[in-house]
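The values are calculated or read from the model by the stated rules, or taken from the named source; none is laboratory data. Small disclaimer: the values here were computed from a predicted structure and weren't measured. As a convention, Cβ positions derive from the backbone with ideal geometry for all residues, glycine included, and neighbour counts pool all protein chains shown. The protein model used for the area step is the full one, side chains on, heavy atoms only, and it has no ligands, DNA or RNA in it. Shrake-Rupley method; radii C 1.70, N 1.55, O 1.52, S 1.80 Å.
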Amino acid sequence: MENDMSWNSSEFHYWYSEQPSAKKRRAWDDLLPEQLKAYVEWLTFRSFANVAQLGIDPRTITNQLPPKPDILCEMAGEDQYFELGEVTDQELARQAGTAAKQGKDVFGGCCAPLEPLWRILDQKCKKKYEVAGAPLHLLLHYSVGHQVPATQLIRAEVSKSRSLVIEKLRESPFRSVWLFDGWEKVVIQSVHI
């Protein structure tokens, strides 16, 4: 396994978790945008790996740089790539950003953003990635913004549209797509080809 990133999310996490609150805040504020993105992706994937029961070795989870997918890990001793995508209602995210700037509550509440789910699935399935023959999977998650998914509705909609999702996967570089609720730490649904 090789890691294309000189900044290491795992090392930062260990160091960060040992710091007092004031130093944590300064460290968080000092992260570069690409470091913050990498760390949030690493945390999200680590949470997913803890509950997905896929045999992912947590010691091997590393961030990657484009044109590779976001995460490289070992699953059952084999290199596997995962591309991550946050399912976000853009209008709700915009409203939350405005509220945060005004010092107001930014909790977006429970939602079933089906349009954003299909939009991010389409976007990711059309992209190309360098994986050197290793399997590639898609992890779509509800975990970063302030939008808590209505998991039953999403599960029902994805089940109803399963053949469409399989068709999209067949036309993409992905072997599977996983939907993950990062708030409740549960896998909502997965579809494999």
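Scanning the stretch 47-101 for residues that are assigned to a loop (DSSP other than H, G, I, E, B), open to solvent by 20 Å² or more (accessible area, probe 1.4 Å) and touching a helix residue (DSSP H, G or I) at 6+ places or on another chain (Cβ under 7 Å) yields a total of 1. If the condition is being acidic (Asp, Glu) and part of a strand (DSSP E or B), then the stretch 151-193 contributes only Asp181.
So, of the residues in the stretch 136-148 that are out of contact with any helix residue (DSSP H, G or I) (no Cβ under 7 Å at 6 or more places or on another chain) and open to solvent by 10 Å² or more (accessible area, probe 1.4 Å), which turns out to be modelled with the lowest pLDDT?
Looking at residues that are out of contact with any helix residue (DSSP H, G or I) (no Cβ under 7 Å at 6 or more places or on another chain) and open to solvent by 10 Å² or more (accessible area, probe 1.4 Å), I get Val148.
Would you check if Lys126 is out of contact with any strand residue (DSSP E or B) (no Cβ under 8 Å at 6 or more places or on another chain), at pLDDT 90 or above and open to solvent by 60 Å² or more (accessible area, probe 1.4 Å)?
On the way: out of contact with any strand residue (DSSP E or B) (no Cβ under 8 Å at 6 or more places or on another chain): yes; at pLDDT 90 or above: yes; open to solvent by 60 Å² or more (accessible area, probe 1.4 Å): yes.
So Lys126 fits the description; yes.
Scanning the stretch 103-123 for residues that are open to solvent by 30 Å² or more (accessible area, probe 1.4 Å) and at pLDDT 90 or above turns up Trp118, Arg119, Asp122, Gln123.
Pairs are defined by a Cβ separation below 7 Å, a sequence spacing of at least 6 or placement on different chains, a first member in the stretch 169-193 that is in contact (Cβ under 8 Å) with a residue 12 or more places away in the chain and within 16 Å of Lys124 (Cβ to Cβ), and a second member that is open to solvent by 60 Å² or more (accessible area, probe 1.4 Å) and part of a strand (DSSP E or B); the pairs so defined are Arg175/His192; Ser176/His192.
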